[in-house]
1. For the range 48-72, give me each residue that is more than 11 Å from Ile111 (Cβ to Cβ) and of a type in the set (Asp, Glu).
2. From the set of residues in the range 43-90 that are among the hydrophobic types (A, V, I, L, M, F, W, C) and closer than 26 Å to Lys123 by Cβ, which is most open to solvent (accessible area, probe 1.4 Å)?
3. Within the range 72-109, which residues are more than 15 Å from Trp46 (Cα to Cα) and polar (S, T, N, Q)?
4. If you scan the range 1-21, which residues turn out to be hydroxyl-bearing (Ser, Thr, Tyr) and open to solvent by less than 100 Å² (accessible area, probe 1.4 Å)?
5. Identify, please: which residue in the range 91-106 is out of contact with any Ser or Thr (no Cβ under 8 Å at 6 or more places or on another chain) and not charged (D, E, K, R) and is, among those, most open to solvent (accessible area, probe 1.4 Å)?
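The values are calculated or read from the model by the stated rules, or taken from the named source; none is laboratory data. Worth saying up front: this structure is predicted, and the values here are computed from it rather than measured. Cβ placement follows ideal geometry from the backbone for every residue including glycine, while neighbour counts extend to all protein chains displayed. Surface accessibility is based on the protein's heavy atoms, side chains included, excluding ligands, DNA and RNA. Shrake-Rupley method; radii C 1.70, N 1.55, O 1.52, S 1.80 Å.
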Amino acid sequence: MKDYNKILIFVFLTVLFFIYTFSLYGMNLDFSSFGGNSADRGKRIWQEKNCTGCHQIYGLGGYLGPDLTNTYSERGTAYIKAFLKSGTQTMPDFKLTDQEVEDLTEYLKSIDKSGIGRPSQLKINYDGTIAQPEK
């Protein structure tokens with residue numbers, strides 16, 4: 001009888017797991033780059049162009065380009081747009097439209113508002129969590 005209950009519980013939990021998984025991954029199936037606000041569209045462009053392959057956000061990503069977490073507040077809109085429009089020797093010119101440049105700039109602005117990306121400026125609490133200093 002005990003083995004029967006264990007099997008029944010296992011089957012029940014497995015069914016719940018699959019129901020949860022399919023409902024979770026079944027949501028938001030429309031990943032069209034036309035939806036959302038400008039920052040949302042910028043994030044999709046960031047992902048489509050694989051910017052993380054070279055750049056970091058919050059210290060995570062590639063090492064060829066700089067960490068862009070706080071570029072918006074440090075360099076400003078004109079600087080970001082110039083790089084996005086023309087590229088550099090190491091960063092390719094992706095031939096972005098004016099709207100795509102605007103969306104990527106808004107995405108970087110939204111990231112900048114969310115915190116500080118340089119690990120040396122972060123305070124590690126006694127319990128291992130990280131507290132960011134005020135900007």
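1. Across the range 48-72, the qualifying residue is only Glu48.
2. So the first thing to find is which residues in the range 43-90 are among the hydrophobic types (A, V, I, L, M, F, W, C), and the list is 45-46, 51, 54, 57, 60, 64, 68, 78, 80, 82-84.
Going one step further and asking which of them are closer than 26 Å to Lys123 by Cβ, we end up with 57, 60, 68.
On the way: Ile57: 24, Leu60: 125, Leu68: 24 Å².
Step by step, filter the range 43-90, then rank; the result is Leu60.
3. Ser73, Thr77, Ser86, Thr88, Gln89, Thr90, listed by residue number.
4. Step one: of the range 1-21, the residues hydroxyl-bearing (Ser, Thr, Tyr) are 4, 14, 20-21.
Thr14, Thr21, listed by residue number.
5. Taking the range 91-106 and keeping what is out of contact with any Ser or Thr (no Cβ under 8 Å at 6 or more places or on another chain), we get 91-92, 94-101, 104.
Still in the running and not charged (D, E, K, R): 91-92, 94, 96-97, 99, 101, 104.
Details: Met91: 40, Pro92: 71, Phe94: 73, Leu96: 21, Thr97: 74, Gln99: 98, Val101: 4, Leu104: 8 Å².
Per the criteria, the residue is Gln99.
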